[in-house]
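Enquirer: One structure is given below, represented as structure tokens, and several questions about it will come after.
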Amino acid sequence: MRKLKITGGILRGNVIKVEDHITARHTSSKVRESIFNMLGDISGKRVIDFFSGSGIIAFEAISRGANYATFVEIDKKSIKNIKENINCLGIDNLCRILNMDVFIAIPFLHEIKEIYDIIFMDPPYEKGYISKTFKALEECIIYHRNSIFVVEYSKREMIENNLSDSWDIIKQKRYGDTMVAILNKIDNQGDSYE
């Protein structure tokens, strides 16, 4: 069993247990700390974590003040593991779990009019998921004009080539083989997205 330690906020030092049979790549503590330093104060924000894996990013967000987190993960074993960690931390009332493919979850959340302030995504590297996810988000609005999008990806993926002109990269950092980009949606019409 692997143990991932929450790096900041009210749950800092708490351990997220990850069963050995869960093979998803986990965001390192260094990268997590950097992401949340770049984001600044996220108190009261609603967040969603696509391709959740262990769920560590959403757990970090809750620890740092997010008041609601949705975990989206297709793997049933990972979902079971996330549920166990949510129960151990006693944060059931702050969480929603969707055991479904991200590309089914996005239209579902749009249909029920969910809106998020921060959208995290850490898809499997070099599989074309970045462009597919952003295309789905263009078609199904689950954010507002000030929402932030955080993407973790391989240094071998050129994120600029995977996005339409609707997206603006605000910050980009490299950590070894891992890149992190923070983006927002460009609103050409001057309209709210809700």
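All of the numbers you see were taken from the coordinates with simple rules; none came from a lab. The model shown is predicted, which means the values in this text are computed figures rather than measured ones. FYI the Cβ positions are ideal-geometry reconstructions off the backbone, even for glycines, and counts take in every protein chain you see.
Enquirer: With a cap of 13 neighbouring Cβ atoms within 10 Å, and only residues DSSP puts in a loop, list the GluC sites (Glu not before Pro) found in the range 72-135.
Expert: Passing sites in the range 72-135 are GLU126.
Enquirer: So for the range 2-185, taking the charge dipole from beta-carbon charges (+1 Lys/Arg, -1 Asp/Glu), which of GLY128, ASN87, SER166 sits furthest toward the positive end?
Expert: So the residue furthest toward the plus end is ASN87.
Enquirer: Would you please give the residues with an amide H less than 5 Å from that of TYR68, counting only those at least 5 places away or on a separate chain, with H modeled from the backbone geometry?
Expert: So TYR68 has HN proximity to VAL47.
Enquirer: In whole angstrom, and with the biggest value first, how far do the Cα coordinates of the range 2-185 range along each principal axis?
Expert: Cα spread of the range 2-185 along its principal axes, largest to smallest: 42, 39, 33 Å.
Enquirer: About its Cα centre, what dipole magnitude does the chain give when the only charges are +1 on Lys and Arg Cβ and -1 on Asp and Glu Cβ, stated in debye to the nearest 20?
Expert: I would put it at about 800 debye.
Enquirer: A further question on this structure: Output ³J(HN,Hα) for the range 11-25: one whole-Hz value per residue in order, computed from phi by the Karplus curve 6.51 cos²θ - 1.76 cosθ + 1.60 with θ = phi - 60°, and x for Gly and Pro.
Expert: With the stated coefficients, the range 11-25 comes to 9, 3, x, 5, 9, 9, 8, 10, 4, 4, 6, 8, 9, 4, 6 Hz.
Enquirer: On to the next question. Hand me the tally of lysine pairs in the range 1-154: alpha carbons under 23 angstrom apart, and the pair either on different chains or 8 or more positions apart.
Expert: 27
Enquirer: Which whole DSSP H helices in the chain pass both tests: a Cα extent of 18 Å or more along the axis and a mean Kyte-Doolittle value no lower than -1.0?
Expert: 76-89
Enquirer: Let me ask you something else. Just grab the label-to-label distance for SER34 and GLU19, each label 7 Å out from Cα along the Cβ direction, in nm (one decimal).
Expert: 3.2
Enquirer: Shifting gears a bit: From zero up to wherever the largest Cα-Cα distance of the range 118-190 sits, split into 10 Å bins and tell me the percent of pairs in each.
Expert: 19, 58, 21, 2
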